[in-house]
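Before any comments, here is the structure.
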Amino acid sequence: QVQLVQSGGGSVQSGGSLRVSCTAFGSTAGILDMDWYREVPGAYREFLARMTSDGIANYVDSVKGRFTISRDNAKNTMYLQMDSLRPEDTAVYYCHTDLGHVSYWGQGTRVTVSS
């Protein structure tokens, strides 16, 4: 069992920066890849970025160059640094990992970007 607890986010004007964090608790030794997603009302949950257990990062094109995913394995914590934010980045952001055949999600963190 794994619990993902998120923090950070908030409200910012267009062009600003925010960071969201995700800390894993429980049986964390088996965690490999960790991901960030976001969701807006009426749309599918959108994949944003992934960091593998050996530190390889992948991004969806819409956030590449603006968002940075990182992990501190000693703290079991993953981060998403979001720069040059745009109003269309407004969403609820979720962290995610799979352990075995079970998917775990954070509780969600709201990010609001005003124009």
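The values are calculated or read from the model by the stated rules, or taken from the named source; none is laboratory data. Computed from a predicted model, the values in this text were never measured in an experiment. So basically every Cβ, Gly included, is an ideal-geometry build from the backbone, and we count neighbours across all protein chains shown. Keep in mind that these areas ignore ligands, DNA and RNA; they rest on the heavy atoms of the full protein, side chains included. Shrake-Rupley method; radii C 1.70, N 1.55, O 1.52, S 1.80 Å.
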What is the gain in length, in nm to one decimal, between Trp105 and Arg66 on full extension, counting 0.36 nm per residue of separation less the C-alpha to C-alpha distance? 11.7 nm
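For the range 24-98, which chymotrypsin sites (Phe, Trp or Tyr not before Pro) are both in a DSSP coil and crowded by at most 11 other Cβ atoms within 10 Å?
Tyr44
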Residue-normalised accessible area of the range 1-56, given per residue in Å² at a 1.4 Å probe: 55 Å²
